[in-house]
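Laboratory data are not the source of any read-out in this text; all were calculated from the coordinates shown. Predicted model, so just to flag it, every value in this text is computed and none were measured. Here the Cβ is made from the backbone with ideal geometry for all residues, glycine too, and neighbour counts use every protein chain on show.
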């Protein structure tokens, strides 16, 4: 049982590492091939993160309010 769990964790870790390498390759390609500046990429990343936060906070608050109104346990 423990051996299967270790194999599963190893697969998850290797998938994470592979995805990070792919993201790095994509960013490097955008910088080198398409001549996009790193500051532009960072500004776009910041806008995306702010947009996600602006969507997630109201969604969380609405979900919390609905659960309190219905008085459901956590």
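Remarks
- Pairwise label distance in nanometres, residue 41 with residue 25, each label 7 Å out on the Cα-Cβ vector: 1.4
- Between residue 8 and residue 52, the simple label model (points 7 Å from Cα in the Cβ direction) yields a spacing of 2.5 nm.
- Helix-only CD estimate at 222 nm, as mean residue ellipticity for the chain, using -39500 (n - 2.57) per DSSP H run (n ≥ 4): -31500 deg cm²/dmol
- C-alpha center-to-center spacing [the range 45-74, the range 11-44] in angstrom: 29
- Options (i) 1.89; (ii) 1.78; (iii) 1.06 - which one matches Cα Rg over 2.2 N^0.38 Å as calculated here: (ii)
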